[in-house]
Amino acid sequence: MSTYDARFRIWRGDADGGGLTDYTVEVHDGEVVLDIVHRLQATQAPDLAVRWNCKAGKCGSCSAEINGRPRLLCMTRMSVFARDETVTITPMRAFPVIRDLVTDVSFNYAKAREIPAFVPPAGLAPGEYRMKQEDVDRSQEFRKCIECFLCQNTCHVVRDHEENKPVFAGPRFLMRIAELDMHPLDAAEESGLDRRRTAQDDHGLGYCNITKCCTEVCPEGIAITDNALIPMKERVVDRRYDPVVWLGNRIRRRNGA
Amino acid sequence: MTPVTPVGPVERQQWDVIVVGAGGAGLRAAIEARQRGARTAVICKSLFGKAHTVMAEGGIAASMANANPHDTWQIHFRDTMRGGKFLNQWRMAELHAREAPDRVWELETWGALFDRTPDGRISQRNFGGHEYPRLAHVGDRTGLELIRTLQQKIVSLQQEDFRTTGDYESGLKVFQECTVTRVLKDAFGRVAGVFCYDRESGRFFVLQAPAVVLATGGIGKSFKVTSNSWEYTGDGHALALLAGAPLVNMEFVQFHPTGMVWPPSVKGILVTESVRGDGGVLRNSEGRRFMFDYVPEVFKEKYAQSEEEGDRWYEDPDDNRRPPELLPRDEVARAINAEVKAGRGSPHGGVFLDVSTRMPADVIRRRLPSMYHQFKELADVDITAEPMEVGPTCHYVMGGVHVDSETAATDGVPGLFAAGEVAGGMHGSNRLGGNSLSDLLVFGRRAGLHAAEYAAGAAAAEVGEEAVAAARAEALAPFDGESFGDAAENPYTLHQELQQTMNDLVGIIRRESEMAEALERIAELRERARRVSVEGHRQFNPGWHLALDLRNMLLVSECVARAALERTESRGGHTREDRPAMDRAWRPVNLLCRAADGGGIELERVRTEPIRDDLLALFEKEELAKYLADEELES
């Protein structure tokens, strides 16, 4: 394999507007899209803004949209594109642009603060916690989340509906509620906190109509919809009517039959 | 083009404690300081929750004795001292071993979910240099669990503050994507605050506080092949030096034996030691498990002499000795280096690390999910079916800010504290895997505690206008680089040259002449860096950020090279081809680095405090005779 020149179109601009700029840049064997962005910085566009950190798919900083698909720049190999294909990189659409590929993701940090924290069980000192592996497996799956916010970006409830943002926590933080709800030692209920009810009433679980867009873009492969959101909806429905769950249950029953 | 900047007062805010860095140590310090009543500000270069700690894979070392009931803090202490070749600041190693279990258990009360033993306790895994399975872990993403737990604990404290004050950030605030360029002092030489810029907007601001905790991590970005992220530019090391506090043991840089070697764009990315802890073996191009040929004299009795014994150890550790793949990292890294040099390397210049013939595919995918994912996605290698190619990568600096073992206070600058990788001493000449995350928690907490106590008794901090103006001018200088015309320098070019210099001349194997050459090149780069020039404006400008980080990397690189040249022996993370043996006479000697008045670094040799008798009594006399200097053995 060898080196070749690739065509890139990258969105440049800021909160006041901007547009796509064309670049031709060298690509080497085994590189990922973030390598190419770095080469552009070092050779052609020293002030090209991009957010990144670990470059190994572990920190979730370099989220953007590549040819329209929400992805991590560091985990998208150049070999997935044809050599004559123009690779277009744009910032995440659901969040306000700061500059170039960097967006203002403070929405997510605000939502994180609204989710009630883990409630430690009374009467258990540090070191006395006992939990079975099979009982922590599910919450551990959700804790694999690297907070890249690609699910938040792609979720159609907020992607093109700014007006839903105040009332909808988004898949990442609904999953956080599910994680705490399934934590074997979380004492929320004993403290008078009903996590399922808050998911529905305060964090907009009802807005989710399980299109699984979040699951599709998750770079960690977390089954957000199937393992977190649908079970939450099912638990909520014990107390409340949710048309989507009702429909979902009927469809599944029919398919299963 | 000089950007138009309003010349007016820089915004100031008043806090009790400022924590620079939001990795494990910084967040743990901030939690402690806030819990002790200090209004605490955290400043970090990345987004909150993205710090390099997320990259830690293997686990947190703590002698909880969940997996083997014989484990105690004394044995953890002993392993740590052996791993560091007895150069460790012994009191830090003692506090670390004693307090680590409490720090891990505490994480569970904040919501952490570690992997479990069959009886429901925290599971613990084997790791290099640890006598018993000791690492609390979550698959191979322990660092992520640690950072998320601390992050969520901080959020829960902010929720408490919201309930009482109506403001989430009244008692604990995270300034994310901000960089500190200077620690500022008052007229009496005490810490008074930090000078910062917001990376998004380029806006300058000053946080005033009587106590500052440095928790900025390491220096890996001064080297070409590294497992470290872009944040690791030695900021805290340089901030301490420039504030007048010395660094210790800077010659000791850990090259992790197993980094990815191919493809080039991921060269250096870490392959966790858990691969070996769980049964992975190293082979050369001839298929030989070469580590059996590299067991050094001091470790001969503690490691298996045959493949059969090593293999039996995984099932029956009480009656067999561990395989030499689990020697401390410095030994394994040197061995790989030697094999490649002898022409027995893999196609891309590493050696083979194999789990595919050692464990069933489903076990590999369950125990090493991130590694499976990482090789599949980035290198097209299925580790359940074929071996990985690995080689040494710059991973960790044992050296750092010289601190008081109990309080994490720096030497000579009242109000300045340091914890985590940026602090030196704890790990001696070589850190054991798993001891980093526990170090962050133990000393992060101590730094936060003592910073809060110090701040409570200190007068309100006041930074003089002059100091602010000087820091501002320094930060803006790269925009005036155009005035140098053709002599102006590109920060990216300077950075690449520095990385190449450190990698080639002060890397894993060192020679006197090469280190001397490195010092000349660093001096030259320092000159050229005065003419560094950046384009554009201050809003999210990576070229400008790099230009400012260069100062730190150059200072720290000079410390490493100068101390390495001075220490005429090989020990831990400092290997000299011209001085291949460990020299006991160097055991009680520390090298301190200070910033000299006219620029550059000055070295000072200091004698270490004698190791306490009851701690020495944990070792056999014969073993001590291999490490301690003659005069230490006599007394």
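The values are calculated or read from the model by the stated rules, or taken from the named source; none is laboratory data. Everything numeric here is computed off the predicted structure, so don't read it as measured data. Glycine gets a Cβ as well: all are built from the backbone with ideal geometry, and neighbour counts include every protein chain shown.
Within the stretch B:67-111, which residues are hydrophobic (A, V, I, L, M, F, W, C) and in contact with a strand residue (DSSP E or B) (Cβ under 6 Å, 6 or more places away or on another chain)?
Residues of the stretch B:67-111 that are hydrophobic (A, V, I, L, M, F, W, C), as a first pass: B:67, B:73, B:75, B:77, B:81, B:86-87, B:90, B:92-93, B:95, B:97, B:100, B:104-105, B:107, B:110.
Answer for the stretch B:67-111, where residues must be hydrophobic (A, V, I, L, M, F, W, C) and in contact with a strand residue (DSSP E or B) (Cβ under 6 Å, 6 or more places away or on another chain): B:ALA67, B:VAL104.
Which one is nearest to the chain's Cα centre (by Cα) among residues in the stretch B:367-387 that are surrounded by fewer than 20 Cβ atoms within 10 Å (Cβ to Cβ) and either outside the structural domain of B:LEU353 (by TED's automatic domain parsing) or hydrophobic (A, V, I, L, M, F, W, C) (or both)?
Ranking the qualifying residues of the stretch B:367-387, first place goes to B:VAL381.
Could you list, in sequence order, the residues of the stretch B:303-331 that are in contact (Cβ under 8 Å) with a residue 24 or more places away in the chain, out of contact with any His (no Cβ under 9 Å at 6 or more places or on another chain) and either assigned to a helix (DSSP H, G or I) or aliphatic (A, V, I, L, M) (or both)?
If we filter the stretch B:303-331 for residues that are in contact (Cβ under 8 Å) with a residue 24 or more places away in the chain, which is where we start, we get B:303, B:314, B:317, B:322-331.
Of the ones still in play, those that are also out of contact with any His (no Cβ under 9 Å at 6 or more places or on another chain) are B:303, B:314, B:317, B:322-325, B:327-328, B:331.
Hits for the stretch B:303-331 are B:PRO324, B:GLU325, B:LEU327, B:GLU331.
Which residue, of B:VAL463, B:VAL422, B:VAL468, B:VAL442, is of a type outside the set (Gly, Ala, Ser), at pLDDT below 95 and under 30 Å from B:LEU207 (Cα atoms)? Full working, then the answer.
On the way: B:VAL422 fails: at pLDDT below 95; B:VAL468 fails: at pLDDT below 95; B:VAL442 fails: at pLDDT below 95.
Matching residue, one of B:VAL463, B:VAL422, B:VAL468, B:VAL442: B:VAL463.
Hey, can you tell me all the residues within the stretch B:39-88 that are among the acidic types (Asp, Glu), over 30 Å from A:LYS55 (Cβ atoms) and either within 14 Å of chain A (Cβ to nearest Cβ) or not in a helix (DSSP H, G or I) (or both)? Give the steps one after another, and end with the answer.
Here is the first cut: in the stretch B:39-88, the ones among the acidic types (Asp, Glu) are B:57, B:71, B:79.
From what is left, the residues that are over 30 Å from A:LYS55 (Cβ atoms) are B:71, B:79.
Result: B:ASP71, single match.
Let me confirm something: among B:ASP198, B:ASP235, which residue is touching a Ser or Thr at 6+ places or on another chain (Cβ under 8 Å), acidic (Asp, Glu) and modelled with pLDDT of 95 or more? Give the steps one after another, and end with the answer.
Numbers: B:ASP198 fails: touching a Ser or Thr at 6+ places or on another chain (Cβ under 8 Å).
Every option except B:ASP235 fails the conditions.
Quick check on the stretch A:196-216: of everything there that is touching a Pro at 6+ places or on another chain (Cβ under 8 Å) and buried (at least 22 other Cβ atoms within 10 Å of the Cβ), which residue is farthest from A:CYS145 (Cα to Cα)?
A:CYS208
This table checks each residue for (1) more than 14 Å from chain A (Cβ to nearest Cβ); (2) surrounded by fewer than 24 Cβ atoms within 10 Å (Cβ to Cβ).
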{"site": "B:HIS256", "(1), (2)": "no, no"}
{"site": "B:TRP262", "(1), (2)": "no, yes"}
{"site": "B:VAL271", "(1), (2)": "no, no"}
{"site": "B:VAL275", "(1), (2)": "yes, no"}
{"site": "B:GLY280", "(1), (2)": "yes, no"}
{"site": "B:GLY287", "(1), (2)": "yes, yes"}
{"site": "B:PHE290", "(1), (2)": "yes, yes"}
{"site": "B:GLU297", "(1), (2)": "yes, yes"}
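Suppose we keep only residues that are of a type outside the set (Lys, Arg) and out of contact with any Lys or Arg (no Cβ under 9 Å at 6 or more places or on another chain) within the stretch A:77-90. Which one would you say is nearest to B:PHE540 (Cα to Cα)? So that I can check it myself, show each step before the final result.
First, the residues of the stretch A:77-90 that are of a type outside the set (Lys, Arg): A:78-82, A:84-90.
Retained after the next criterion (residues that are out of contact with any Lys or Arg (no Cβ under 9 Å at 6 or more places or on another chain)): A:78-82.
Details: A:MET78: 26, A:SER79: 30, A:VAL80: 30, A:PHE81: 29, A:ALA82: 32 Å.
The selected residue is A:MET78.
Report, by residue number, each residue of the stretch B:17-38 that is among the basic types (Lys, Arg) and part of a helix (DSSP H, G or I).
Here is the first cut: in the stretch B:17-38, the ones among the basic types (Lys, Arg) are B:28, B:34, B:36.
Selection gives B:ARG28, B:ARG34.
Can you pull out every residue in the stretch B:53-93 that is among the aromatic types (Phe, Trp, Tyr), under 22 Å from B:ARG446 (Cβ atoms) and buried (at least 23 other Cβ atoms within 10 Å of the Cβ)? Spell out how you get there, then give the answer.
Residues of the stretch B:53-93 among the aromatic types (Phe, Trp, Tyr): B:73, B:77, B:86, B:90.
Filter once more, so that each one left must be under 22 Å from B:ARG446 (Cβ atoms): B:73, B:77, B:90.
Result: B:TRP90, single match.
Quick one: which of B:ARG334, B:ARG312 is over 21 Å from B:SER570 (Cβ atoms) and at pLDDT 90 or above? Give the steps one after another, and end with the answer.
Numbers: B:ARG334 fails: over 21 Å from B:SER570 (Cβ atoms).
Just a single option satisfies the conditions, and that option is B:ARG312.
Yes or no, residue by residue, for (1) more than 9 Å from chain A (Cβ to nearest Cβ); (2) surrounded by 24 or more Cβ atoms within 10 Å (Cβ to Cβ):
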{"residue": "B:ASP102", "(1), (2)": "no, no"}
{"residue": "B:GLU106", "(1), (2)": "no, no"}
{"residue": "B:ALA112", "(1), (2)": "no, yes"}
{"residue": "B:ASP115", "(1), (2)": "no, no"}
{"residue": "B:ARG121", "(1), (2)": "no, no"}
{"residue": "B:GLN124", "(1), (2)": "yes, yes"}
{"residue": "B:TYR132", "(1), (2)": "yes, no"}
{"residue": "B:ASP140", "(1), (2)": "yes, yes"}
{"residue": "B:VAL155", "(1), (2)": "no, no"}
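In this structure, does B:MET582 turn out to be part of a loop (DSSP other than H, G, I, E, B), in contact with a Ser or Thr (Cβ under 9 Å, 6 or more places away or on another chain) and either more than 14 Å from chain A (Cβ to nearest Cβ) or under 27 Å from B:ALA240 (Cα atoms) (or both)?
Numbers: part of a loop (DSSP other than H, G, I, E, B): yes; in contact with a Ser or Thr (Cβ under 9 Å, 6 or more places away or on another chain): yes; either more than 14 Å from chain A (Cβ to nearest Cβ) or under 27 Å from B:ALA240 (Cα atoms) (or both): yes.
The answer is yes for B:MET582.
Please identify the pairs in which a residue from the stretch A:125-136 that is part of a helix (DSSP H, G or I) has its Cβ atom under 7 Å from the Cβ atom of a residue that is crowded, with 16+ Cβ neighbours inside 10 Å, counting only partners at least 6 apart or on another chain.
A:GLN133/B:ASP115; A:GLN133/B:ARG116; A:ASP135/A:PRO184; A:VAL136/A:PRO184; A:VAL136/B:LEU113; A:VAL136/B:ARG116
If we keep just the residues of the stretch A:85-101 that are over 30 Å from A:ALA199 (Cα atoms) and not charged (D, E, K, R), which is nearest to the other protein chains (Cβ to nearest Cβ)? Break it down stepwise before answering.
Of all residues in the stretch A:85-101, those over 30 Å from A:ALA199 (Cα atoms) come to A:85-90, A:98-101.
Keeping just the survivors that are not charged (D, E, K, R) gives A:86-90, A:98, A:101.
On the way: A:THR86: 21, A:VAL87: 15, A:THR88: 21, A:ILE89: 15, A:THR90: 16, A:ILE98: 5, A:LEU101: 10 Å.
Among them, the one singled out is A:ILE98.
Of (1) touching a residue at least 24 places away in the same chain (Cβ under 8 Å); (2) surrounded by fewer than 23 Cβ atoms within 10 Å (Cβ to Cβ); (3) more than 14 Å from every other protein chain (Cβ to nearest Cβ); (4) of a type in the set (Lys, Arg), B:ARG530 satisfies all except one. Which?
It is condition (1) that B:ARG530 fails.
Select from the stretch A:130-145 the residues that are in contact with a helix residue (DSSP H, G or I) (Cβ under 7 Å, 6 or more places away or on another chain) and at the interface with chain B (Cβ under 7 Å from one of its Cβ atoms) and write down the one among them that is nearest to A:PRO70 (Cα to Cα).
First, the residues of the stretch A:130-145 that are in contact with a helix residue (DSSP H, G or I) (Cβ under 7 Å, 6 or more places away or on another chain): A:138-139, A:141-143, A:145.
In the following step, the residues that additionally are at the interface with chain B (Cβ under 7 Å from one of its Cβ atoms) were identified as A:139, A:143.
Working: A:SER139: 25, A:ARG143: 21 Å.
Per the criteria, the residue is A:ARG143.
When you scan the stretch A:201-257 for helices (runs of 4 or more DSSP H) that lie fully inside it, which ones turn up with 3 or more residues that are modelled with pLDDT of 90 or more and farther than 30 Å from A:CYS74 by Cα?
Details: elements: A:213-217, A:230-237, A:243-256.
Fully inside the stretch A:201-257 and qualifying: A:230-237.
Residue check, B:ARG562 against (1) within 24 Å of A:HIS38 (Cα to Cα); (2) touching a residue at least 40 places away in the same chain (Cβ under 8 Å); (3) crowded, with 21+ Cβ neighbours inside 10 Å, all met but one. Which one?
Single failed check for B:ARG562: (1).
Here is a list: B:GLY345, B:GLY349. Which entry is buried (at least 20 other Cβ atoms within 10 Å of the Cβ), assigned to a loop (DSSP other than H, G, I, E, B) and either acidic (Asp, Glu) or assigned by TED's automatic domain parsing to the domain that holds B:PRO296 (or both)? Can you show your working first?
Values: B:GLY349 fails: buried (at least 20 other Cβ atoms within 10 Å of the Cβ).
Answer to the check: B:GLY345.
Please go through the stretch A:137-194 and give me each residue that is closer than 23 Å to A:PRO126 by Cα, assigned to a loop (DSSP other than H, G, I, E, B) and in contact (Cβ under 8 Å) with a residue 12 or more places away in the chain, ordered by number.
A:MET182, A:HIS183, A:PRO184, A:LEU185, A:ASP186, A:ALA187, A:ALA188, A:GLU190, A:SER191, A:LEU193, listed by residue number.
So in the stretch A:23-34, with the set limited to residues that are charged (D, E, K, R) and without any contact (Cβ under 8 Å) to a residue 40 or more places away in the chain, which one is nearest to A:GLU65 (Cα to Cα)?
If we take residues in the stretch A:23-34 being charged (D, E, K, R) and without any contact (Cβ under 8 Å) to a residue 40 or more places away in the chain, then A:GLU26 is nearest to A:GLU65 (Cα to Cα).
Is it the case that B:ALA516 is more than 14 Å from chain A (Cβ to nearest Cβ), farther than 27 Å from A:ILE98 by Cα, in contact (Cβ under 8 Å) with a residue 40 or more places away in the chain and crowded, with 24+ Cβ neighbours inside 10 Å?
So B:ALA516 fails the test.
Look through the stretch B:533-554, keep the residues that are touching a Gly at 6+ places or on another chain (Cβ under 7 Å) and more than 14 Å from chain A (Cβ to nearest Cβ), and return whichever of them is surrounded by the fewest Cβ atoms within 10 Å (Cβ to Cβ).
Result: B:ASN552.
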